[in-house]
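**Student:** One structure coming up, written as structure tokens, with questions to follow.
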Amino acid sequence: MLFGTISKFNYFRAFSAQGNQMKNHKSGRRNSSGNRSFSKNSGRPNFRKSNSRSRFKRFGASPIDIQQFIQKATNTVKLKPVIIQNSFKDFGFNAEIEKNLEKIGYETPTPIQDQSINHIMEGKDLLGLANTGTGKTAAFLLPLIHKCFNDNSQKVLIIAPTRELAQQIDQEFKKFSKNMRLYSAICVGGMPIFRQISDLRRNPNFIIGTPGRLKDLKQRKNLNFSMFQNIVLDEIDRMLDMGFVDEIRQILSELPKERQTLFFSATMPSKIEVLVQQFLNKPITIKTVTGQTAANVHQDVIKVSADQKFEHLKKLLSTEEQKKVIIFSETKRDVDKLAKGLFAEGFKVDSIHGDKRQNQRQKALSRFKDDHIQILVATDVAARGIDVSNISHVINYTVPQTYDDYVHRIGRTGRGGHKGTALTFVN
Ligand code: AMP
């Protein structure tokens, strides 16, 4: 029991002792053939399919059927070993990249890195189906950094669904390409466009952006998509969910014919299949998705009436294990109200949502990352793609409207192989 008055449904559980995939890289045991062996979740709970057709309409549609959701999570997680075939040395990266990887402390590739890097290094098009938080950023960045270092005329366009994800990709880029004289520009909304225009004039190899701002820059003639021989679409399923399909089509159709195209997605709705057929050239498909939710995230529900919710939340947040918590609520107003209420109760809390300026969102995120605050209250959209490695708990103060949103919310915890807990308030 979490605490006395809360009744809890224990069957809402896909918790597994094995989930420390990423942490195990350092300690991954070698098997008889000298490969490292990892465990993965092969038992995929039979949840509602998360393609865009099955999404509930935002308004006027029935919410997730919690009961069905809970029962289907009773499936025990079966374990199957994942064999990691390569070490980072096997990929043939430039010495500078190897040095940087050593500094960062990456010792063993994750499954998506292990299975996709060789193909990307060979210049092939690739569709990577991987859960969020499994190391896909390095899977595409490392080979592309290698390529640009060898041929400075190469240009890479990376498109991500949100500003935060674009910024995280840029942070990873800077770590992997340190001292290599490769540069990047970020082109995302909510930040001054003129600064981005002057960054673009410096002729960076990597441009990382969100679809809307990239389109704006193109319309202003500050960006010409025909100069990119390499394109990465990260979290393409999210971008389609967010309604960016036209922008993506437009950008892809303006790229040169001779190019390398990489798509990454956690799910494979039919809309993506169409894009793959149209825009990828004989792609290799790599699938390391191990279930829609990570096996190392303990999931549970808390049954509580609406008038008791805030009291319960306070008690929950006061328990010792709630070290770093992201709380989701539905609307911007609810997020503000909840953050204010918790602040008034003495919690260290900040909030992010779409009405906040980008620098306010960044500041809240940095304070959260650096442990200056314990709690971040967020809307779904604002929290998309956030990669903070040690979030201990995700609390769904409101039930998400779609199962996709749920998967995305709880993917903020249990990252990089850490264990995490996701709790959903239901009444
Ligand atoms: P991503 O899915 O790219 O957002 O990565 C999730 C987290 O895993 C990030 O914090 C990465 O820094 C970390 N990570 C990625 N690849 C590795 C690796 N090979 N070894 C250890 N950590 C990694």
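**Student:** Please verify whether segment 108-116 includes one or more residues that are in contact with a Lys or Arg (Cβ under 9 Å, 6 or more places away or on another chain), in a loop (DSSP other than H, G, I, E, B), of a type outside the set (Gly, Ala, Ser) and surrounded by fewer than 20 Cβ atoms within 10 Å (Cβ to Cβ).
**Tutor:** Yes, that holds for at least one residue.
**Student:** Every residue in segment 84-107 that is more than 12 Å from the ligand (Cβ to nearest atom) and of a type in the set (Gly, Ala, Ser), please.
**Tutor:** Of everything in segment 84-107, those that are more than 12 Å from the ligand (Cβ to nearest atom) and of a type in the set (Gly, Ala, Ser) turn out to be 92, 95.
**Student:** Can you find, within segment 190-236, the residue that is farthest from residue 151 (Cα to Cα) among those that are open to solvent by 10 Å² or more (accessible area, probe 1.4 Å) and touching a residue at least 60 places away in the same chain (Cβ under 8 Å)?
**Tutor:** 190
**Student:** Another question about this same structure. Restricting to segment 132-153, what's the tally of residues that are closer than 22 Å to residue 260 by Cα, open to solvent by 10 Å² or more (accessible area, probe 1.4 Å), within 13 Å of the ligand (Cβ to nearest atom) and out of contact with any Gly (no Cβ under 7 Å at 6 or more places or on another chain)?
**Tutor:** Filtering segment 132-153 down to residues closer than 22 Å to residue 260 by Cα leaves 135-153.
With the extra rule that they be open to solvent by 10 Å² or more (accessible area, probe 1.4 Å), the set shrinks to 135-137, 146-147, 149-153.
When the remaining residues are screened for being within 13 Å of the ligand (Cβ to nearest atom), the result is 135-137.
Adding the requirement that they be out of contact with any Gly (no Cβ under 7 Å at 6 or more places or on another chain) leaves 135, 137.
Selection size over segment 132-153: 2.
**Student:** Name the residues in segment 405-420 that are within 13 Å of the ligand (Cβ to nearest atom), charged (D, E, K, R) and modelled with pLDDT of 85 or more, would you?
**Tutor:** Of everything in segment 405-420, just one residue is within 13 Å of the ligand (Cβ to nearest atom), charged (D, E, K, R) and modelled with pLDDT of 85 or more, namely 412.
**Student:** Find the residue count for segment 326-353, including only residues that are over 18 Å from the mean Cα position of the chain (by Cα) and in a loop (DSSP other than H, G, I, E, B).
**Tutor:** Looking only at that region, the number is 7.
**Student:** What is the residue count in segment 117-131 for residues that are outside any loop (DSSP other than H, G, I, E, B), touching a residue at least 60 places away in the same chain (Cβ under 8 Å) and either closer than 25 Å to residue 384 by Cβ or within 14 Å of the ligand (Cβ to nearest atom) (or both)?
**Tutor:** Count: 5.
The values are calculated or read from the model by the stated rules, or taken from the named source; none is laboratory data. Given the structure is predicted, the values throughout are model-derived calculations rather than measurements. Here the Cβ is made from the backbone with ideal geometry for all residues, glycine too, and neighbour counts use every protein chain on show. Accessible surface is based on the protein model in full, side chains and every heavy atom, while ligands, DNA and RNA are left aside. Shrake-Rupley method; radii C 1.70, N 1.55, O 1.52, S 1.80 Å.
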